[in-house]
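Quick notes on the structure that follows.
The values are calculated or read from the model by the stated rules, or taken from the named source; none is laboratory data. Model, not experiment: these values are computed from the prediction. We place every Cβ from the backbone using ideal geometry, glycine too, and count neighbours over all the protein chains shown.
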């Protein structure tokens, strides 16, 4: 049974903290090293089950369809059933597709949450690097920083879901961990092996944007942080260059094959994005970027972390609340004030030589690039995970007594916990089948074509139809009747005009009127007497079912009606 995130996040936080602190005894150091790698996947795998089965919009639109289409060579067979997302790299979602067709739903959900839980031990390792520079600390400090990092409003919303932002975070955080663990070597050892380590870290960071392009902002942030490295300028540039080369290699590994596919089929390796430059005839001459959430002014850019608390829809499609970025800004502001005062207890030179300063610079630059390119909150999850550690690092270096610093840290945690409101992208109760689809019976699948209309996400149904059935989407966010048809519109016009076998339409009942209008442009009409209702379990919306209906040319239906009228006379 799925439970509301708002009603359980306090219990989750308390239980999680208790579990993570258990092995903190100094006599069990070896166990405490291994523990996060076991506890993280187990805890978050179980938590994914508690939250319920994922039913997000993108899952129903392309997370299942894209890997299915690529594995079954349907890129040119179906016509953009997943709308613009039809052209996204399928590699990230192939394991989920295999799990859905092979495993029970709850096991699939647990495994997905468990893999996402691997962020925890990596965060703990990063915390050990940053927090352990000056003195010995209880091991639970690192555990707590890692746990709070993964109990963010966005990360909890995506736990057990297929968005992938908390999956691509794994190589990104691994990359950062390598850089922080080898910090002193990077400063002083100017050898080829050191450059290879940096390139390897860059390769890990590049794997993420190869899978999902928006994560490139973090590769930029990690790379640019080298430019403020406390060493000679030429060595900084050399490190940044080697890291950048590694990033390009990583992108080539996970995304190169897909860019090649898009280039071969559409003449644009990033299709449909930047088509104002590549000018593929299959799309409009446009950049296709989603600029809806970008700040409209400098004032809005500066105060966006505060504005999203007032109106979370400013940076996404769901409601949520998390104060961590406001707390981080407050901690950074106070640190800046202390530096300006040049307190004897707060040495700026020592500060910039610490690993935490490198982390802060990487966070700030990544955030600024994100703000410029996307300003969509769920693309910011790696920084959401790192923010608590950055806050702790800053507060712990205030020129105050230890007791005062600890009081500020505890107060910040309490304020965060009592104001946290995780988001929810849509969940349904667990069942015996992940999607619960009963496709209609078809008499001639090998010659059947199904027309899709509307903008609702339902391409996830396609893998459950007989494989020879062809799907074309004549109306969507990417295609549709217009005065300026793109290449897909023209190609679908030809396919429908030349089709000789059974022809059907699939649409959501709430989009019935727009579906009829779209069909009219192809001289087609729905045969209402040959409609079947479909309501897959994942939809959980019996009030708004899908319909699967036969369609015929308008002229043929009119002729039939005329003949019936004559026979009745």
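Of the strands (runs of 3 or more DSSP E) lying entirely inside the range 440-513, the ones with 2 or more residues being over 32 Å from the mean Cα position of the chain (by Cα) and closer than 20 Å to residue 547 by Cα are found at 503-508.
On the given criteria, is residue 148 free of Cβ contacts under 8 Å to residues at least 40 places away in the same chain and either surrounded by 24 or more Cβ atoms within 10 Å (Cβ to Cβ) or in contact with a helix residue (DSSP H, G or I) (Cβ under 8 Å, 6 or more places away or on another chain) (or both)? Spelling it out, it is not the case that residue 148 is free of Cβ contacts under 8 Å to residues at least 40 places away in the same chain and either surrounded by 24 or more Cβ atoms within 10 Å (Cβ to Cβ) or in contact with a helix residue (DSSP H, G or I) (Cβ under 8 Å, 6 or more places away or on another chain) (or both).
Against the condition in a helix (DSSP H, G or I), in the same structural domain as residue 173 (by TED's automatic domain parsing), modelled with pLDDT under 95 and surrounded by fewer than 14 Cβ atoms within 10 Å (Cβ to Cβ), how does residue 349 come out, does it pass? Give the steps one after another, and end with the answer.
Values: in a helix (DSSP H, G or I): yes; in the same structural domain as residue 173 (by TED's automatic domain parsing): yes; modelled with pLDDT under 95: yes; surrounded by fewer than 14 Cβ atoms within 10 Å (Cβ to Cβ): yes.
In short, yes.
The single condition from (1) within 20 Å of the chain's Cα centre (by Cα); (2) over 21 Å from residue 84 (Cα atoms); (3) touching a residue at least 60 places away in the same chain (Cβ under 8 Å); (4) surrounded by fewer than 17 Cβ atoms within 10 Å (Cβ to Cβ) that residue 217 fails is (4). So is residue 334 under 21 Å from the mean Cα position of the chain (by Cα) and either closer than 18 Å to residue 365 by Cα or part of a helix (DSSP H, G or I) (or both) or not? Criteria not met by residue 334.
On the given criteria, is residue 187 in contact (Cβ under 8 Å) with a residue 12 or more places away in the chain and surrounded by fewer than 19 Cβ atoms within 10 Å (Cβ to Cβ)? Steps first, answer last, please.
Details: in contact (Cβ under 8 Å) with a residue 12 or more places away in the chain: yes; surrounded by fewer than 19 Cβ atoms within 10 Å (Cβ to Cβ): yes.
For residue 187, the condition - in contact (Cβ under 8 Å) with a residue 12 or more places away in the chain and surrounded by fewer than 19 Cβ atoms within 10 Å (Cβ to Cβ) - is met.
All conditions but one from (1) without any contact (Cβ under 8 Å) to a residue 60 or more places away in the chain; (2) closer than 23 Å to residue 491 by Cα apply to residue 291; the one that does not is (2).
Going residue by residue through the range 282-298, is there one that turns out to be assigned by TED's automatic domain parsing to the domain that holds residue 193, out of contact with any helix residue (DSSP H, G or I) (no Cβ under 6 Å at 6 or more places or on another chain), in a helix (DSSP H, G or I) and within 25 Å of residue 86 (Cβ to Cβ)? Walk me through it before giving the result.
Filtering the range 282-298 down to residues assigned by TED's automatic domain parsing to the domain that holds residue 193 leaves 282-298.
Adding the requirement that they be out of contact with any helix residue (DSSP H, G or I) (no Cβ under 6 Å at 6 or more places or on another chain) leaves 284, 288-294, 296-298.
Next, only the ones that are in a helix (DSSP H, G or I) stay: 298.
Of the ones still in play, those that are also within 25 Å of residue 86 (Cβ to Cβ) are none.
No.
Count of the range 379-426 residues, restricted to those that are crowded, with 24+ Cβ neighbours inside 10 Å and touching a strand residue (DSSP E or B) at 6+ places or on another chain (Cβ under 8 Å), is 0. Being part of a helix (DSSP H, G or I), more than 21 Å from residue 423 (Cα to Cα) and touching a residue at least 60 places away in the same chain (Cβ under 8 Å) is true of residue 36. Only a single criterion out of (1) in a loop (DSSP other than H, G, I, E, B); (2) more than 23 Å from the chain's Cα centre (by Cα); (3) at pLDDT 95 or above is not satisfied by residue 431, namely (3). Looking at 319, 362, 330, just one residue is assigned by TED's automatic domain parsing to the domain that holds residue 177, more than 30 Å from residue 226 (Cβ to Cβ), surrounded by 14 or more Cβ atoms within 10 Å (Cβ to Cβ) and at pLDDT 95 or above, and that residue is 319. When residues in the range 226-256 are screened for being free of Cβ contacts under 8 Å to residues at least 60 places away in the same chain and closer than 30 Å to residue 488 by Cα, 4 of them pass.
In summary, residue 480 fulfils each of the numbered conditions (1) surrounded by 14 or more Cβ atoms within 10 Å (Cβ to Cβ); (2) modelled with pLDDT under 95; (3) at negative phi with the single exception of condition (3).
A residue that is at positive phi, crowded, with 21+ Cβ neighbours inside 10 Å and under 22 Å from the mean Cα position of the chain (by Cα) occurs somewhere in the range 154-173.
For the range 294-323, give me the residue count where each residue is over 24 Å from residue 427 (Cβ atoms) and in contact (Cβ under 8 Å) with a residue 60 or more places away in the chain. Matching residues across the range 294-323 total 5.
Tell me, yes or no, whether the range 252-261 has at least one residue that is within 17 Å of residue 85 (Cβ to Cβ) and surrounded by fewer than 18 Cβ atoms within 10 Å (Cβ to Cβ).
Residues of the range 252-261 that are within 17 Å of residue 85 (Cβ to Cβ), as a first pass: 255, 258-259, 261.
Filter once more, so that each one left must be surrounded by fewer than 18 Cβ atoms within 10 Å (Cβ to Cβ): 259, 261.
Within the range 252-261, one or more residues are within 17 Å of residue 85 (Cβ to Cβ) and surrounded by fewer than 18 Cβ atoms within 10 Å (Cβ to Cβ).
One residue stands out among those in the range 514-534 that are in a helix (DSSP H, G or I) and out of contact with any strand residue (DSSP E or B) (no Cβ under 8 Å at 6 or more places or on another chain): the one that is surrounded by the most Cβ atoms within 10 Å (Cβ to Cβ), which is 518. Here residue 470 passes the criteria (1) modelled with pLDDT of 95 or more; (2) buried (at least 17 other Cβ atoms within 10 Å of the Cβ); (3) within 30 Å of residue 328 (Cβ to Cβ) except the one numbered (3).
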